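Notes follow the structure.
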Amino acid sequence: MESRVLSGTTAISGLGRLRKQISREITNNTCVVPTTRSIGAVGDGGNLIWGRQLRPVLLLLEKSPAARIPAVKREILRPSFAAASSPAEGSDSAGEAKVGFLEKYPALVTGSFFFMWYFLNVIFNILNKKIYNYFPYPYFVSVVHLLVGVIYCLVSWAVGLPKRAPIDANLLKLLVPVAICHALGHVSSNVSFSAVAVSFTHTIKALEPFFNAAATQFVLGQQIPITLWLSLAPVVLGVSMASLTELSFNWTGFISAMISNISFTYRSIYSKKAMTDMDSTNLYAYITIIALFCCIPPAIIIEGPQLLKSGFSDAIAKVGMTKFISDLFWVGMFYHLYNQLATNTLERVAPLTHAVGNVLKRVFVIGFSIVVFGNKISAQTGIGTAIAIAGVAIYSYIKAKIEEEKRQMKAA
């Protein structure tokens, strides 16, 4: 009996020591058990010790509400993990969104720019010449070209595609000479188109690199390498051969095409002086607006009386009011869009690629105009045109290579 009491006392005291030991182990392992709780408070889980004494600390950690550290950690880590994973998922989706069609297939997009540039240019030249066959008023048609372009720009600005760039007095002073040269070159080109075959006008306009080289050396004072001058010899020879035997030749068409070359040459010179951070779309829009105001006075003075007398009535009698207005609208739209695409294409490719593309464009225009209008050309005209185009290609290649070497030297 005494021994039973002593043994019971010993067992109870041993249980107390065990609970104290477990409390110390919990305290040492988790550093969370509050000091205000008594050891007996853990006795709710003490019965587990009697039933299973294997790894009592882990059992108490699983069952004791005060010591569920892993559960608390899961509650803390779960939002953190979600927050950390959400940006990652968002960044992946954003990355996939950023890699769109334009970035994934740049060559295909650039090729489509070239195709649309050629296509719109060919359609413009064909429709423009068809209009002159029943409405031979190039000054008024030039105004229509620019007027449709201005309307297109105003509508684009109104819808915010693109957003209109601000312009100040200083920038306006820089753009006015560019726009005047653009207007003069545009009108003189149309006068040539109305007077001679489209193919012949483009053959004469192949001389534009010659005027550019001459202006660069004698106006800007920049030395032109001898290789560039030699490459222009086939151009001059080819244009001379084509002009001598061109069946549609007349001095009005020839001189007007030459004036166009000179005007566009000076437009390039003034454009270099008017270099600005404005994007090409807004820049061309402002030039178009200024050029329109430059073209209206000569159209009214030179062709106004004749238009009011019989010009409009004759054209409407031949094709009808609807077709007449529709042709004028679409030729203006094609003119503006092909010029805009030419500028946008230049921004996407190297100067050499653009130069070669410009030469190929002229070949397409000459070829399609001959096929569509059935213009008869002599063998000498065909050979001269081919020599001129080949000379322009050689000149463009050499010039682009020289500019590339200059850029590399500056970068080095």
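Below, the figures for the structure above:
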quantity	calculated
Qualifying positions in region 379-412 - over 19 Å from Pro234 (Cβ atoms) and out of contact with any Pro (no Cβ under 9 Å at 6 or more places or on another chain)	Glu405, Lys406, Arg407, Gln408, Met409, Lys410, Ala411, Ala412
Residues that are crowded, with 22+ Cβ neighbours inside 10 Å and part of a helix (DSSP H, G or I), drawn from region 124-138	Phe124, Asn125, Asn128, Ile131, Pro138
Subset of region 360-399 (residues that are within 17 Å of Leu346 (Cβ to Cβ) and surrounded by fewer than 17 Cβ atoms within 10 Å (Cβ to Cβ))	Leu360, Tyr397
Filter result for the condition that a residue is assigned by TED's automatic domain parsing to the domain that holds Gly382, polar (S, T, N, Q) and touching a Pro at 6+ places or on another chain (Cβ under 7 Å), over Asn250, Asn190, Asn261	Asn190
From the options Asn344, Asn339, Asn358, Asn375, residue that is outside any helix (DSSP H, G or I) and either on the phi < 0 side of the Ramachandran plot or in the same structural domain as Lys205 (by TED's automatic domain parsing) (or both)	Asn375
Members of region 157-171 found to be in contact (Cβ under 8 Å) with a residue 24 or more places away in the chain and either part of a helix (DSSP H, G or I) or of a type in the set (D, E, K, R) (or both), listed by number	Trp157, Arg164, Leu171
Qualifying residue in region 83-98 (condition: modelled with pLDDT under 90 and within 26 Å of Asp277 (Cα to Cα))	yes
Of all residues in region 264-289 being under 18 Å from the mean Cα position of the chain (by Cα) and among the small types (Gly, Ala, Ser), the one that is surrounded by the fewest Cβ atoms within 10 Å (Cβ to Cβ)	Ser280
Given (1) modelled with pLDDT under 85; (2) over 28 Å from the mean Cα position of the chain (by Cα); (3) part of a helix (DSSP H, G or I); (4) not aromatic (Phe, Trp, Tyr), number of the condition Asp327 does not satisfy	(1)
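The values are calculated or read from the model by the stated rules, or taken from the named source; none is laboratory data. These numbers come from a predicted model, not from an experiment. Neighbour counts run over all protein chains shown; Cβ positions are idealised from the backbone, glycine included.
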